[in-house]
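First the structure, in the form of structure tokens, and then the observations on it.
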Amino acid sequence: MKKYFILLIILNVFNIQAKPNLIIILTDDQGYKDVGFNGCQDIPTPYIDSIAESGVKFTDGYVSYPVCGPSRAGLLTGRYQDRFGFTTNPTIDPTNPIAGIPLDEKNIAEVLKPKGYSSAIIGKWHMGTHEVHHPLNRGFDHFFGFLSGGHNFFPANYTLNDLSEVTRKWQWYNTKLIHDHERIDIKEGYLTDILTDAAVDFVNKKADEEKPFMLYLAYNAPHTPLQASEKYLKRFTHIKDKNRRIYAAMVSAVDDGVGKLMTTVRNRGLEEQTLVFFLSDNGGPLKGKIPFTDNGPLQKGKGSLHEGGIRVPFAMQWKGTVPSGKVYKKPVISLDIMATIAELAKASINKPLDGVNLIPYLTGENEGYPHEQLFWRKLTHGGIALRRGNMKGLKEKGSNKAEFTLYDLSNDQSERNDLKTQNPETAHEMIQA
Ligand code: CA
């Protein structure tokens, strides 16, 4: 274990700071139960599972919003995105300098840069399309991917040179990929594999440079459009439902990608100096008669303040420091990733964070709750939610406090048994909070 700490002591003696690398692997719209470590039966995810097995599986890992944009703004800043008005998905409009994380809020790359980190975002940005919000103008040193909230998976569809050519909604899914500032021509391949290869290249380059790095690998899989290559589809011929079959193939492509990336981290000898987080940006969408995602026992899905919208598959590893095979049941949130790396890198931040450094909780040094309470708000709907210990209160929409419901997640994680009538004081207190 303590190799890292011994290294830390040696470096401290020479007044050199050991700065661990950070890899965040974010998937898009993946259901709580759509990973093996949460009990998925029909889609094997051995490589994703290996992160949980080598480190920690969080049973109650949350994101700060039930859809993409605000959830990512929270993750990248370590602050509730409502604090800076990021309350909906940003407009995809390169002429709009407002849609994005405000310039006076620091994202994770901007915070780590002064500490000597080199940062990459590979995949989906979705944090503004105006030049001022371009990843390379927001602290990142490398960008490979696309600016909008989703993308087609086959390069044959990349017919537009730029967002300025978009004339109708969703056409931004058809733009050519971007490498740093340049649009690039890719003729073949499958987007998830292409992103994986870019991530592996980045880690190999950084390993050669011996410089601390942060990699934000933001796969847009398994978000729609449901598109998968034959290589992955043929693994799931036994799944009858067509949508679930394609979705399974998309998840499997991500899993292969995680395998390639983690193999690179291991082969380059970086495992003990690299924190790796895996999570989804929100719960699985429950569309159609037969939803193709599975949030397990959790109620509802993407868009909802019920558990199915905000509790996600969530795991991390840090070999040699965080014990392997741990199951952590106290609530944690995506906002904690920033707080954790900021403290380890001794980075300073201009505004107070809402997340906490998780490491003392995972090593057992601190046996308390990382958070006394967690909050969610959907400003556009009047929705609010709060979790305190095992109690969860929420109101999906509207201004009527009577809509507020209260659940004890310790025996009712499906949020079926409203306890508000029996506990009016607790409900009142939570609404006030
Ligand atoms: Ca999403």
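The values are calculated or read from the model by the stated rules, or taken from the named source; none is laboratory data. Just so it is clear, the structure is predicted and the values come from calculations on it, not from any experiment. Using ideal geometry, Cβ is built from the backbone for each residue, glycine included, and neighbour counts are taken over all protein chains shown. Please note that ligands, DNA and RNA were not included when accessible areas were found on the heavy atoms of the full protein model with its side chains. Shrake-Rupley method; radii C 1.70, N 1.55, O 1.52, S 1.80 Å.
Within 27 Å of Ile92 (Cα to Cα) and in the same structural domain as Lys113 (by TED's automatic domain parsing) - does that describe any residue in segment 264-275? Working first, answer last.
Just the residues of segment 264-275 that are within 27 Å of Ile92 (Cα to Cα), to begin with: none.
No, segment 264-275 contains no residue that is within 27 Å of Ile92 (Cα to Cα) and in the same structural domain as Lys113 (by TED's automatic domain parsing).
Kindly provide the set of residues from segment 165-183 that are outside any loop (DSSP other than H, G, I, E, B) and within 24 Å of the chain's Cα centre (by Cα), ordered by number. Within segment 165-183, Trp172, Tyr173, Asn174, Thr175, Ile178, His179 meet the criteria.
Quick check: is even one residue across segment 262-282 more than 20 Å from the chain's Cα centre (by Cα) and under 19 Å from Cys40 (Cβ atoms)? Looking through segment 262-282, none of the residues is more than 20 Å from the chain's Cα centre (by Cα) and under 19 Å from Cys40 (Cβ atoms).
A count restricted to segment 281-303 and to residues that are away from the ligand (no atom under 16 Å from the Cβ), out of contact with any helix residue (DSSP H, G or I) (no Cβ under 6 Å at 6 or more places or on another chain) and touching a residue at least 60 places away in the same chain (Cβ under 8 Å) stands at 2. Apart from one condition, Gly145 fits all of (1) out of contact with any Ser or Thr (no Cβ under 7 Å at 6 or more places or on another chain); (2) in a loop (DSSP other than H, G, I, E, B); (3) not β-branched (Val, Ile, Thr); the exception is (2). Could you list all residues from segment 299-347 that are open to solvent by less than 10 Å² (accessible area, probe 1.4 Å) and within 16 Å of Ser410 (Cα to Cα)? Once the filter is applied, which keeps residues that are open to solvent by less than 10 Å² (accessible area, probe 1.4 Å) and within 16 Å of Ser410 (Cα to Cα), segment 299-347 yields Glu307, Gly308, Arg311, Pro331, Val332. Scanning segment 166-205 for residues that are under 14 Å from Leu147 (Cα atoms) and acidic (Asp, Glu) returns Asp180, Glu182.
The set of residues in segment 44-81 being open to solvent by 10 Å² or more (accessible area, probe 1.4 Å), farther than 15 Å from Met316 by Cα and more than 16 Å from the ligand (Cβ to nearest atom) consists of Pro44, Arg79, Tyr80. If you go through segment 232-260 and keep only what is among the basic types (Lys, Arg) and either touching a Ser or Thr at 6+ places or on another chain (Cβ under 9 Å) or crowded, with 18+ Cβ neighbours inside 10 Å (or both), you end up with Arg235, Arg244, Arg245, Lys260.
Filtered by the rule that a residue be farther than 11 Å from Gly61 by Cβ and either over 16 Å from the mean Cα position of the chain (by Cα) or not assigned by TED's automatic domain parsing to the domain that holds Gly55 (or both), segment 323-343 gives Pro323, Ser324, Gly325, Lys326, Val327, Ala342, Glu343. For segment 261-280, the candidate set comprises residues that are crowded, with 17+ Cβ neighbours inside 10 Å and farther than 19 Å from Val322 by Cα; within that set, the residue that is farthest from the ligand (Cβ to nearest atom) is Thr264. In the list Asn96, Asn89, which residue meets the criterion of being more than 14 Å from Arg311 (Cβ to Cβ), over 14 Å from the mean Cα position of the chain (by Cα) and within 14 Å of the ligand (Cβ to nearest atom)? One residue alone meets the criteria, Asn89.
So is Ala402 of a type in the set (Gly, Ala, Ser), over 18 Å from Val63 (Cα atoms) and more than 21 Å from the chain's Cα centre (by Cα) or not? The answer is yes for Ala402. Evaluating His134 against the criteria (1) farther than 23 Å from Ala345 by Cβ; (2) touching a strand residue (DSSP E or B) at 6+ places or on another chain (Cβ under 7 Å); (3) surrounded by 15 or more Cβ atoms within 10 Å (Cβ to Cβ) leaves one unmet condition, (2). The residues of segment 208-223 that are crowded, with 18+ Cβ neighbours inside 10 Å and either within 16 Å of the ligand (Cβ to nearest atom) or outside any loop (DSSP other than H, G, I, E, B) (or both), listed by number, are Phe213, Met214, Leu215, Tyr216, Leu217, Ala218, Tyr219, Asn220, Ala221, Pro222, His223.
Pairs linking a residue in segment 178-191 that is in contact (Cβ under 8 Å) with a residue 24 or more places away in the chain to a residue that is open to solvent by 90 Å² or more (accessible area, probe 1.4 Å), with Cβ atoms under 9 Å and 6 or more positions apart or on different chains, are Tyr190/Lys231.
Can Val111 be described as within 22 Å of Pro90 (Cβ to Cβ), open to solvent by 20 Å² or more (accessible area, probe 1.4 Å) and not aromatic (Phe, Trp, Tyr)? So Val111 fails the test. Of all residues in segment 177-193, those being within 14 Å of Leu160 (Cβ to Cβ) and buried (at least 17 other Cβ atoms within 10 Å of the Cβ) number 2.
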